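Notes follow once the structure below has been shown.
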């Protein structure tokens, strides 16, 4: 194949921009005509402004990918919050008990478990890289039809690209809303990410470099309005109770927001001339912070498949070629999606027997040796 392949990336989120950057830097980039379109304005990160509410836990494997692209140094130079340990426990046990899970970077021979980073900052850094590549960027642009040899749908969980092409998706409603805000804790977070499972839903507390914590509280839809409409003092009291005062008293130190939670998985990732990546293909519960990392892995694998096909004289838009990407990613994403869905249901079941079984299970996992090590390394993206 010698002709140019037109590639249209729909969606300029972290996943879409990563795919565009990787394709623009690939060995056969000269044979690609890459365009990125997004209905929203160009994202801009203001380092003088407060930390935005939409943050992601970027695992070590994803850090390595962004660094290889050339975007990570700008993220580090602006603001990124490393975390070196993680503690996970059920409301029926103490956070430092044998029934709690504890992970430390040193245990897995990595410098850290990951970083808490604003999504818009990663987008900003990726755009700085893409601006130097032969990639056309079109913001404030909404397409009704898609005219390209290869369309990459990276337009989120409510993907218009997926819907336009008639690809069905299965939904797994959680009946939960994620309430997000920043808090200032009484005690130092010690660069430790905390997750406490309560009967109302999981509470994630992510350490920020300025000493605050970014909170993601997944609670029943029926209680979300109460949290959103509460005063700062009332919300802080709710979160102190939900966290069992793990970091002492808490003070609301930022705006608050909310977004509905629903797992979703596309029935197929590809068809001739089309590939879905990131949330357009699969959306998972945020309780393990894997959403952004799964999307980055999608982008990397798809870019690799496209580049390899070009090198072999194959046309990247052929379904036979794109199926290689689907086979590599669909099963792994489905496993993570179902695991997160099952975990959330398990820990929100208010049954004495189930509580006892899950605490026992956490104790067993804590002492499972190679199994525990393998599971954590897979989550970090460094042990496949």
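The values are calculated or read from the model by the stated rules, or taken from the named source; none is laboratory data. Keep in mind the model is a prediction, meaning the values are calculated, not measured. Here Cβ is always computed from backbone atoms with ideal geometry, including for glycine, and neighbour counts include all displayed protein chains.
Brief remarks follow.
- With a requirement of 1 or more residues that are at pLDDT below 95, the strands (runs of 3 or more DSSP E) lying completely within segment 1-79 that satisfy it span 5-10, 55-59.
- Qualifying residue in segment 37-50 (condition: farther than 28 Å from residue 182 by Cα and in contact with a strand residue (DSSP E or B) (Cβ under 7 Å, 6 or more places away or on another chain)): yes
- Among the residues of segment 166-179, those identified as surrounded by fewer than 19 Cβ atoms within 10 Å (Cβ to Cβ) and at pLDDT 95 or above are 166, 168.
- One residue stands out among those in segment 235-257 that are part of a strand (DSSP E or B) and touching a helix residue (DSSP H, G or I) at 6+ places or on another chain (Cβ under 7 Å): the one that is surrounded by the most Cβ atoms within 10 Å (Cβ to Cβ), which is 250.
- In the set (1) without any contact (Cβ under 8 Å) to a residue 24 or more places away in the chain; (2) farther than 24 Å from residue 126 by Cβ; (3) surrounded by 15 or more Cβ atoms within 10 Å (Cβ to Cβ), residue 335 fails one condition alone, (3).
- Qualifying residue in segment 291-302 (condition: farther than 30 Å from residue 103 by Cα and more than 16 Å from the chain's Cα centre (by Cα)): yes
- Given (1) in the same structural domain as residue 58 (by TED's automatic domain parsing); (2) at pLDDT below 95, number of the condition residue 161 does not satisfy: (2)
- Taking segment 1-42 as the range and being surrounded by fewer than 16 Cβ atoms within 10 Å (Cβ to Cβ) and more than 22 Å from residue 315 (Cβ to Cβ) as the test, the residues that pass are 39, 40, 41, 42.
- Selection over segment 264-278 of residues that are buried (at least 21 other Cβ atoms within 10 Å of the Cβ) and either modelled with pLDDT under 95 or in a strand (DSSP E or B) (or both) gives a count of 5.
- Looking only at segment 133-147, and only at residues there that are more than 16 Å from residue 42 (Cα to Cα) and at pLDDT 95 or above, the one that is surrounded by the fewest Cβ atoms within 10 Å (Cβ to Cβ): 134
- Residue under evaluation residue 9, criteria (1) under 21 Å from residue 115 (Cβ atoms); (2) in contact (Cβ under 8 Å) with a residue 12 or more places away in the chain, criterion not met: (1)
- The residues in segment 84-127 that are farther than 19 Å from residue 247 by Cα, modelled with pLDDT of 85 or more and either surrounded by 19 or more Cβ atoms within 10 Å (Cβ to Cβ) or touching a helix residue (DSSP H, G or I) at 6+ places or on another chain (Cβ under 7 Å) (or both) can be counted, and the count is 16.
- Number of positions in segment 282-328 that are in contact with a strand residue (DSSP E or B) (Cβ under 9 Å, 6 or more places away or on another chain), outside any helix (DSSP H, G or I) and touching a residue at least 60 places away in the same chain (Cβ under 8 Å): 7
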